[in-house]
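Notes for the one structure printed next.
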Amino acid sequence: MGRRKVSVIGAGNVGATTAQRIAEAGLADVVLVDIVDGLPQGKGLDLAEAAPVVGHDARIVGTNDYAETAGSDIVVVTSGIFRTFIAMELGVSVEDTHAFVLGGHGDTMVPLPRYSTVAGVPITELLPPERITALVERTANGGAEIVALLKTGSAFYAPAAATFEMVEAILLDRKRVLPCAVYLQGEFGIRNLFVGVPCVLGAGGMERVFEIELNADERAAFERSAAAVRELVERLPA
Ligand SMILES: NC(=O)c1ccc[n+]([C@@H]2O[C@H](COP(=O)([O-])OP(=O)(O)OC[C@H]3O[C@@H](n4cnc5c(N)ncnc54)[C@H](O)[C@@H]3O)[C@@H](O)[C@H]2O)c1
């Protein structure tokens with residue numbers, strides 16, 4: 001097998017950090033693409049110059065030209081201009097705009113404490129209900145909390161780490177079960193919509209949705225979340 005190649009579209013905070021993680025892990029060569037002239041070239045060169053110090057052989061190219069992405073094993077899209085404008089356009093809160101980016105992310109996120117475990121023990125067995133409620137709320141508002149602290153911009157280390165995890169699972173055919181925004185075709189009773197669900201990631205990309213049993217409350221919350229995503233999608237111009 002030849003060298004693997006991953007293209008990262010958008011050389012901003014999330015994109016450049018994702019490129020850095022992929023290169024430094026020696027997982028693949030990286031092509032960093034952005035519309036801003038000089039930005040991907042500058043960051044690409046900086047990352048390449050770190051290679052001998054960090055000790056990896058990944059080649060990193062920064063470019064404004066999509067031709068360089070030809071033959072990529074994976075393309076990661078992180079391009080975007082800040083969520084504020086989308087939120088203003090749609091007349092919705094920037095918090096809810098997270099829901100659109102990842103599908104079911106944000107304040108309609110479906111918390112599943114029953115499936116959250118510590119050493120195999122569900123947290124429902126370990127924590128009182130009021131602590132679980134507080135944790136669930138903080139998780140659903142996690143993105144907004146970081147935005148409030150940073151004042152400009154949003155989280156990027158954690159999103160880049162999660163993206164790296166997905167890229168690695170696919171390139172190394174690890175069959176990891178990870179939460180991803182998946183185009184559902186009847187799984188969980190939802191059709192023709194990207195919603196965040198656990199799925200198996202391997203050499204075939206998204207290989208299958210990992211369907212889990214939901215109780216009545218969880219199913220109702222999931223359907224509310226999917227309905228919120230569908231409503232946002234329908235409000236986007238065709
Ligand atoms: N859902 C989440 O949890 C979450 C968290 C963080 C960021 N995000 C989203 O991820 C995206 C990237 O975040 P960021 O912090 O890296 O933003 P950023 O502004 O630092 O970087 C975005 C980059 O994309 C580039 N870009 C814009 N349009 C492009 C195009 N058509 N082709 C190529 N490049 C283009 C911009 O020039 C910029 O360099 C944003 O849309 C942000 O809202 C989501």
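No lab work stands behind these numbers, since they all come straight from the coordinates. These figures come from a predicted structure and were not determined experimentally. Every residue, glycine as well, gets a Cβ built from its backbone with ideal geometry; the counts of neighbours run over all protein chains shown.
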Report summary line: If every Lys and Arg gets +1 and every Asp and Glu gets -1 at its Cβ, then about the Cα centre the chain yields a dipole, in debye to the nearest 20, of 220 debye
Report task. Name the residues whose placed amide hydrogens come within less than 5 Å of the amide hydrogen of V76, ignoring near sequence neighbours (fewer than 5 apart) on the same chain. Result -> S7, V8, I9
Query raised in the report: Tell me, what HN-Hα J-couplings in whole Hz come from the Karplus equation 6.51 cos²θ - 1.76 cosθ + 1.60 at θ = phi - 60° for each residue of the range 144-150, using x for Gly and Pro?
Result: 5, 4, 5, 4, 5, 6, 6
Query - R176-E145 FRET efficiency (beta carbon distance; Förster radius 25 Å; 0.05 resolution) - result: 0.40
Query raised in the report: What ³J(HN,Hα) values, in whole Hz, does the Karplus curve 6.51 cos²θ - 1.76 cosθ + 1.60 give for the range 66-76 when θ = phi - 60°, with x put for Gly and Pro?
Result: 5, 4, 5, 7, 3, x, 5, 6, 9, 10, 9
Query raised in the report: How far apart, in nm, are the 7 Å Cα→Cβ label points at A48 and A25?
Result: 2.3 nm
Query raised in the report: Mind checking which of I22, I60, I35 has the largest fluctuation in a GNM of the chain, springs on alpha carbons under 10 Å?
Result: I35
Query raised in the report: Working out 0.36 nm times the residue gap between D37 and V233, then minus their Cα-Cα distance, what length gain in nm do you get to one decimal?
Result: 67.5 nm
Requested in this report: For the range 171-178, take each phi angle, set θ = phi - 60°, evaluate the Karplus expression 6.51 cos²θ - 1.76 cosθ + 1.60, and give the result in whole Hz per residue in order, putting x for glycine and proline.
Outcome: 5, 9, 6, 7, 6, 5, 9, 10
Query raised in the report: Reachable aspartates and glutamates from K5, Cα under 13 Å, same-chain residues fewer than 8 places away excluded?
Result: D29, D57, E68, D73, E168
Query raised in the report: Fully extended, how many nm does the chain gain between H56 and E223 (0.36 nm per residue separation, minus their Cα-Cα distance)?
Result: 55.6 nm
